[in-house]
Amino acid sequence: MTPVPIVPESHSHVLAEFDCLDPLLSALRLDSGRLKCTCLAVSKKWLALGTSAGGLHLIQREGWKQRLILTHKEGSIVQVACCPSDEDFIAVATSQGLVVVWELQLERRGRPEKVSMSWEHRGQLITSLCWDTGSLRVFAGDLGGKVSFLRAGSSKLGKAATFVIFPVQTVTTVDSRVVQLGYQDGRLLVSSLSRCYLCDTEREKFWRVGNKERDGEYGACFFPQSRSLAVGQPPLLYCARPGSRIWESSFSGEVLSTHQFKQLLACPPLPVISYKSEPRYDPAQRSPQSVAFSKLLYLGDQHLLTWTDSAIYIFRPQSGQVLLWSEIKDVVDIAVHRSELFCLHGSGQLSHLSLLSAERCAERLLRRESWCLAATVCCMYPHALIPSRTRKLIPIDRIEHLRSQLSPASHPELIGQLDEVISKLEPLDSASSSRRSSISSHESFNVLDCGIYRVISRRGSQSEEETGSLVNQSMPEEERLKEFAFGPEEDPADHEPQGTEAERPESGMQFHLPLSFRPKPPRIALQAVKDRCVCVCVCVCVCVCVIFVLF
């Protein structure tokens, strides 16, 4: 076995494939030459797969169970879009130009109903769908450049809405084929073969993004601003340009800057960490890439995703950096939810990828007992495993246990490289000592039972210290106990903000740090005191009543 090459420190994330969706396609009979998957969409709850026979399969992502199949006789399914704000609605477009909005009615346990239909694009191939979640409208763009919308009639909009037929309206007709649509805060973004257009749908105003034209399939999308900025900050626009360039524009369509990625993409591709094959990384530099980004998608936490038929690219646009790019063959379409990617290939096959930090990827492989693959990731990304901050996620004893699972006869060089990484691992105590030394002279601190340093400013008043003491002492303790719980993990997506670390739940961890006995948190102790006080008051009242009756 050849030595595992080390990835440069500038790369911190990977695309990882943990699940195989081939059995799912086989169960749905979508792996045959006659019937195959043609389009897909994903939400928190659903994976929606359109088929060449006009069927729409709705797969519940929790447990990968099929819940519904919706049939259409107006041709194959070419576009599907899940409503981001209400999982009970889904929009479908067929090859004959029909747009249908379904209401699944799962909460009422009713049968799915077609709540809206549009033949506005009859005879035209619909190329893009998107939702206006505020008023439950669906926008559709076709091959001829026409853009229309239909409104979903539903009882959720009021009792009268079920008896009203909402008209289908044509928003505009642009100069060429609609490549991609996007909607955000009352504005519709239309990307055609030659330009990007911004439409204020309420005031019916239209204007172009930038002045230069283009010729080809280039996507565009809205990009929400970072949470660290002021509340209410409008989103940005990113529009693809020829030669691996992307325009950054304001919400009003003014071009602010042009990001050049041609030279930055001269770096070698990062391997996809997959159970299918051993990851291989060639550190040799590549030539600059002039790529046409046919679609742009917002991914995870402030990342921008695009792809070609042979590669996936992920950027940090606001810093003008390439997070990673990986070679993946025969990619036709990609649907994303937070940091998860579902890729549709030309053969009709699906692949499920996750964007993770290198240390998070290694931790998940350890939980799955994929020893050889986990050791390879540790050796490829030692800069992500060595820092002390990683010890909370991957303690040293877990990596030592990983080493013991490797066979010296089969993986002697991998064991040698892993030993080198283990010798450089920083213990968790180094982080504690650095925090201790960083406390200034005008501050004091005490150490909680869970190991957290609570800083007390001498300039603060006593009331400030008292009000913060219960929160500071109880919350970290409970969070740490939850983190090392022995039960199955909860879905971080329900508790954490959107980011690259969000994952789906898996089986329980194989390794756990032993927790020493700790006293109950103050909130628990206060609750016990409260309960005792209530019992004492009840007893006193009973005694008073007895004495009153006797005398």
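Over the range 98-139, accessible surface divided per residue gives 48 Å², non-protein components excluded, 1.4 Å probe. Separation between the residue 322 and residue 250 pseudo-spin-labels, each 7 Å from Cα along Cα→Cβ, expressed in nm? Inter-label distance under the simple model: 3.2 nm. For the range 1-159, the tally of Lys pairs with Cα-Cα distances below 29 Å comes to 25, considering only residues 8 or more apart or on different chains.
Once Rh for the range 280-355 is found with the Kirkwood sum over Cα pairs, what is the Stokes-Einstein diffusion coefficient at 25 °C and 0.890 mPa s, in µm²/s? The estimated diffusion coefficient comes to 186 µm²/s. Cα extents for the range 21-152 along the principal axes, largest to smallest and rounded to whole angstrom: 39, 36, 21.
Accessible surface calculations at 1.4 Å, restricted to protein heavy atoms, place the range 8-75 at 46 Å² per residue. Of 275, 218, the order by accessible heavy-atom surface (1.4 Å probe, DNA, RNA and ligands excluded), from most exposed downward, is 275, 218.
Restricting the calculation to Cα atoms, the range 232-363 shows an Rg/Rh of 0.96 when the hydrodynamic-style radius is the Kirkwood one.
The residues 380, 117, sorted by heavy-atom accessible surface at 1.4 Å with ligands and nucleic acids left out, run 117, 380 from largest to smallest. Highest-first packing order for the peptide set 297-306, 98-107 is 297-306, 98-107, based on the mean count of other beta carbon atoms within 10 Å. Share of carbon and sulfur in the accessible area of the range 1-90 stands at 50%, probe radius 1.4 Å. Computed from Cα atoms alone, the Kirkwood hydrodynamic radius reported for the range 82-133 is 11.8 Å.
How much length is gained on full extension from residue 409 to residue 12, taking 0.36 nm per residue of separation minus their Cα-Cα distance?
Working: separation 397, 0.36 × 397 = 142.92 nm, distance 3.11 nm.
Separation in residues times 0.36 nm, less the Cα-Cα distance, equals 139.8 nm.
Be a star and scan the range 51-89 for residues whose amide nitrogen sits under 19 Å from the point 7 Å along the Cα-to-Cβ vector of residue 125. Under 19 Å, as judged by backbone N against the label point of residue 125, lie 51-55, 74-81 of the range 51-89.
Extension gain residue 428-residue 345, at 0.36 nm per residue separation less the Cα-Cα distance, in nm? Don't skip to the answer; put the middle values down first.
On the way: separation 83, 0.36 × 83 = 29.88 nm, distance 4.35 nm.
Computed gain between residue 428 and residue 345 is 25.5 nm.
Within the assembled protein chains, the solvent-accessible surface assigned to residue 46 is about 0 Å², based on a 1.4 Å probe. If you take the Cα centroid of the range 212-284 and the Cα centroid of the range 318-360, the two points sit 14 Å apart.
Annotation: per residue accessible area for the range 311-409 equals 31 Å², rounded to a whole number [probe 1.4 Å, protein chains only]. Length available on full extension from residue 133 to residue 208: 0.36 nm per residue minus the Cα-Cα distance, which gives 24.6 nm.
The values are calculated or read from the model by the stated rules, or taken from the named source; none is laboratory data. Bear in mind that the values here come from a model prediction, so they are computed numbers and not experimental data. Counting neighbours? That spans all protein chains shown, and the Cβs are built from the backbone with ideal geometry, glycine included. SASA here: full protein model, heavy atoms, side chains in, ligands and nucleic acids out. Shrake-Rupley method; radii C 1.70, N 1.55, O 1.52, S 1.80 Å.
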